[in-house]
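Taking it in order: structure first as structure tokens, then the write-up.
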Amino acid sequence: MNDLQERSDLLDELLEQTPQSVALIGADNLIVQVNPEFTRLFGYTQEECRDRTLHELIVPVELQDAAAAFSNLVLPGHRVDVEVERQRKDGSRVHVLSVSFRIKSVGGVRLCVTHRDITRRKLSEIGLRALSAKLMRAHETERRRLACELHDEIGQQLTGLQVLLGRGLYHQATSEPMQTRIDEARSIVDNLFVRVRNLSCDLRPVELDHLGLLPALLTHIERYSQRTAIQVSFDHHGIDRRFDSRVETAAFRIVQESLTNCARHSGVDRVNVSVWAATETLNIRIDDRGCGFVPTEVLGSRGSGIFGMRERVRLLGGLFTVESVKTAGATITAQLPLTDPPTAEPAASTHANLDSTRG
Ligand SMILES: Nc1ncnc2c1ncn2[C@@H]1O[C@H](COP(=O)(O)OP(=O)(O)OP(=O)(O)O)[C@@H](O)[C@H]1O
Ligand SMILES: [Mg+2]
């Protein structure tokens, strides 16, 4: 057996045995060869694939444009690495990790496209995301319930007690020591009243449900400045209107958590907050010029603030960034889509990695 034959046999053996689905594509994007794993994954035999395009066989109709865009990147030499949905011969869908790369034209083959079935991982990711969304909703509902209970029930009772101690008992007190004791009781109730109102506001300000994002932020920022002595420069534009309640809640929580982080960690006495609505997104930016931190170093930290903000934005299909350098402050930005936020079960994401190191 000559050397060439041996190498050809080795290649055939590799294609036969590899657990990855492989399709070799020739001129005009027609399939030249597929391996047994391709047949197992997508249901098409080598015969059925011959002189057909991968797009017509396995790309769902709504993803044809995206697939064409990826192909256009591969031909100049980029390696395209993408998690997508593909379609089997029987019409069922499969989540795959698809890696496409150009190869030197040998026997008319120009491209190699490999697929690995990641359906199980994708489904558990989707399940986890749905669970995370459910937990966040339950958490907000519980906070809303407790805030209402404190504000309406306990607050009302304390108001009643204030009135009773003030107008009623104080005037009926027959001695000065008795009046002094009642005065003390009144000041305890006053303090309690403020604490209950603050607690209720921290849990979930009533403005957020009844009046919207802007009144809730204005109230929160005013209370924050009073409590922390940190001056907040608040710029806003186009947010004096109602948004989807999931967007309003996420935006409020992001500003709330970022301001809390400033007070706890940054060491500054002023912070900038900007919130503005564009045509398709609600944009948030909080920046301070404090001690800063290295974002990658806090990835595994026990804190849940940054993680929670990121998760809220991800569930709405938005973009979230943390930029910070030690000693040079921190900037948090979020873009929340205003159109059609995903429902409880977000669609599988399509993410692409382009590796342009290959020639
Ligand atoms: N504005 C900031 N300036 C300086 N360091 C910050 C700032 N924001 C966050 N950090 C750093 O990032 C870490 C993680 O923040 P994160 O909000 O996730 O957790 P935490 O604030 O420590 O705890 P939690 O928010 O769960 O109560 C903080 O512990 C702090 O070291
Ligand atoms: Mg925090």
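The values are calculated or read from the model by the stated rules, or taken from the named source; none is laboratory data. Remember, predicted model here, so these are calculated numbers, not experimental data. Quick reminder, even Gly has a Cβ in these numbers, built from the backbone with ideal geometry, and neighbours come from all protein chains shown.
Of the residues screened, residue 281 is not one that is modelled with pLDDT of 95 or more and within 15 Å of ligand 2 (Cβ to nearest atom). On the stretch given as region 310-338, residues that are polar (S, T, N, Q) and either surrounded by 20 or more Cβ atoms within 10 Å (Cβ to Cβ) or more than 13 Å from residue 284 (Cβ to Cβ) (or both) total 2. If you filter region 297-320 down to residues that are more than 17 Å from the chain's Cα centre (by Cα) and outside any loop (DSSP other than H, G, I, E, B), you find that the one that is farthest from ligand 2 (Cβ to nearest atom) is 297. For region 266-283, check the following and say yes or no: at least one residue is in contact (Cβ under 8 Å) with a residue 12 or more places away in the chain, within 11 Å of ligand 1 (Cβ to nearest atom) and not aliphatic (A, V, I, L, M). Yes, the conditions are met somewhere in region 266-283.
Do we find that residue 204 is touching a residue at least 24 places away in the same chain (Cβ under 8 Å), in contact with an Asp or Glu (Cβ under 9 Å, 6 or more places away or on another chain) and charged (D, E, K, R) in this structure? So residue 204 passes the test.
Selection of region 10-62 for residues being exposed (fewer than 11 other Cβ atoms within 10 Å of the Cβ) and within 14 Å of residue 96 (Cα to Cα) yields only 19.
Can you find even one residue in region 83-96 that is polar (S, T, N, Q) and within 33 Å of the chain's Cα centre (by Cα)? Yes, that holds for at least one residue. Would you check if residue 81 is surrounded by 15 or more Cβ atoms within 10 Å (Cβ to Cβ) and within 20 Å of residue 35 (Cα to Cα)? Yes, satisfied. Number of residues in region 233-265 that are away from ligand 1 (no atom under 16 Å from the Cβ) and either of a type in the set (Gly, Ala, Ser) or without any contact (Cβ under 8 Å) to a residue 12 or more places away in the chain (or both) equals 3.
Rundown of residues vs (1) among the aliphatic types (A, V, I, L, M); (2) over 21 Å from residue 306 (Cβ atoms), yes/no style:
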{"site": "189", "(1), (2)": "yes, yes"}
{"site": "198", "(1), (2)": "no, yes"}
{"site": "227", "(1), (2)": "no, yes"}
{"site": "236", "(1), (2)": "no, yes"}
{"site": "241", "(1), (2)": "no, yes"}
{"site": "246", "(1), (2)": "no, no"}
{"site": "257", "(1), (2)": "no, no"}
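Selection within region 284-296: residues that are more than 14 Å from ligand 2 (Cβ to nearest atom) and in contact (Cβ under 8 Å) with a residue 24 or more places away in the chain. The member of this set that is nearest to residue 326 (Cα to Cα) is 292.
Going by the structure shown, is residue 41 within 20 Å of residue 89 (Cα to Cα), assigned to a strand (DSSP E or B) and touching a residue at least 24 places away in the same chain (Cβ under 8 Å)? Full working, then the answer.
On the way: within 20 Å of residue 89 (Cα to Cα): yes; assigned to a strand (DSSP E or B): no; touching a residue at least 24 places away in the same chain (Cβ under 8 Å): yes.
When the stated conditions are applied, residue 41 does not pass them.
Those residues that are among the aliphatic types (A, V, I, L, M) and under 37 Å from the mean Cα position of the chain (by Cα), I need them from region 26-49; list them, please. Can you show your working first?
Taking region 26-49 and keeping what is among the aliphatic types (A, V, I, L, M), we get 27, 30-32, 34, 41.
Result: 41, single match.
In the set (1) within 9 Å of ligand 1 (Cβ to nearest atom); (2) in a helix (DSSP H, G or I), residue 291 fails one condition alone, (2).
Can you work out which of the residues in region 259-275 that are within 23 Å of the chain's Cα centre (by Cα) and either part of a helix (DSSP H, G or I) or surrounded by fewer than 20 Cβ atoms within 10 Å (Cβ to Cβ) (or both) is farthest from ligand 2 (Cβ to nearest atom)?
Of region 259-275, the ones within 23 Å of the chain's Cα centre (by Cα) are 259-262, 272-275.
Still in the running and either part of a helix (DSSP H, G or I) or surrounded by fewer than 20 Cβ atoms within 10 Å (Cβ to Cβ) (or both): 259-262, 272, 274.
Working: 259: 10, 260: 6, 261: 4, 262: 10, 272: 18, 274: 20 Å.
Filtering first and then ranking leaves 274.
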